[in-house]
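Some notes on the structure that comes next.
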Amino acid sequence: MKRIVILLSGRGSNMQAIVERCAEEGWDARVVGVASNRPGAAGLAWAAARGIATAALDHREHASREAFDAELARVIGLWGPDLVVLAGFMRILGNDFVRRHEGRLLNIHPSLLPAFSGLHTHRRAIEAGCKAAGATVHFVTPELDHGPIVVQAVVPVLPGDDEQSLSDRVLVQEHRIYPLAVRWFVEGRLRTEAGVVTQLDGAPQLYLA
Ligand code: GRF
């Protein structure tokens, strides 16, 4: 039974998708804890209501990024995670935290990486006149939004799209590919070589809306 810990900062719809697919599909895994840097995050309440252990660590109450990261690592370490999943966790994690969890730390980013790392991805894709946008699940490395890519989903950018309509379209795909990537990880179906991730069964690592 693999132990999954999820970190989030907000509503937690990706966490919900993972928890629900894990139960529906009977993975040999369990979400054992959900932690947030925002005590008021809606995702924490959702997890707690389902009997999942939660932890709220307000980053503003820590003297430095290093101090926050160290406390976060300590708290989630108590849950003994095999995998740490960033799901809308809006805090950059420092080198020490990333190195400590490297190879078992996943993130979802709402763009087709390596395009549009960082914030405001949908607005930037629209402003650049992109005809496609999407989401990427990747392993986390110390360089922000740059780790080995596990799976991507592509959606069209339609005439008249605004940030909201595009992000709604991408989010549907996030809920499709993130549980898939987590399942692959817990079932040992991923291999990373020279920064390239292969799905060992040959399952598609690209999804089209
Ligand atoms: C998602 O779009 C994710 O890609 C981004 O933040 C959003 C989080 O949404 N990093 P939710 O909290 O999972 O609903």
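Read the figures in this text as sums done on the coordinates, not as results from a lab. Given the structure is predicted, the values throughout are model-derived calculations rather than measurements. Glycine gets a Cβ as well: all are built from the backbone with ideal geometry, and neighbour counts include every protein chain shown.
For the chain, which DSSP H helices look membrane-span-like by this rule: Cα extent along the axis of 15 Å or more and mean Kyte-Doolittle of at least 0.0? List each step's numbers first, then the result.
Values: long enough: 13-25 (18 Å, -0.47); 65-77 (17 Å, 0.06); 163-186 (33 Å, -0.10).
TM-like helix candidates: 65-77.
Please give the calculated 222 nm ellipticity per residue for the chain, where each DSSP H segment of at least 4 residues contributes -39500 (n - 2.57) and the sum is spread over every residue; nearest 500 deg cm²/dmol?
Rounded to the nearest 500, it is -10500 deg cm²/dmol.
On the principal axes of its Cα set, how long, how wide and how thick is the chain? Give whole Å, largest value first.
On the principal axes, the chain reaches 47, 40, 36 Å in Cα extent.
Which order results if MET90, MET15, MET1 are arranged by neighbouring Cβ count within 10 Å, fewest first?
Least to most surrounded, the residues fall as MET1, MET90, MET15.
Can you compute the charge dipole magnitude of the chain about its Cα centre, using +1 on each Lys and Arg Cβ and -1 on each Asp and Glu Cβ, nothing else charged? Give it in debye, rounded to the nearest 20. If you can, show how the numbers build up before the last one.
Values: 22 positive and 23 negative charges, 47 e Å.
So the magnitude is around 220 debye.
Run the quick spin-label model on ASP28 and ASP162: label points 7 Å from Cα toward the beta carbon, then report their separation in nm to one decimal.
Between ASP28 and ASP162, the simple spin-label model gives 4.9 nm.
Just how far, in whole angstrom, is the stretch 1-64 from the stretch 104-158 if you go by their alpha carbon centroids?
Distance between centres, Cα-based: 22 Å.
Just rank SER9, SER165, fewest to most, by other beta-carbon atoms within 10 angstrom.
Listed from fewest to most nearby Cβ atoms, that is SER165, SER9.
Under a Cβ-Cβ cut-off of 13 Å, what is the net charge of the residues other than GLY40 that fall near it, where Lys and Arg count +1 and Asp and Glu count -1?
Details: positive: ARG11, ARG38, ARG60; negative: ASP58.
That works out to +2.
Considering all projection directions equally, how large on average is the shadow of the alpha-carbon convex hull of the stretch 108-209, in square nanometres?
Taking a quarter of the hull surface, the average projection is 6.3 nm².
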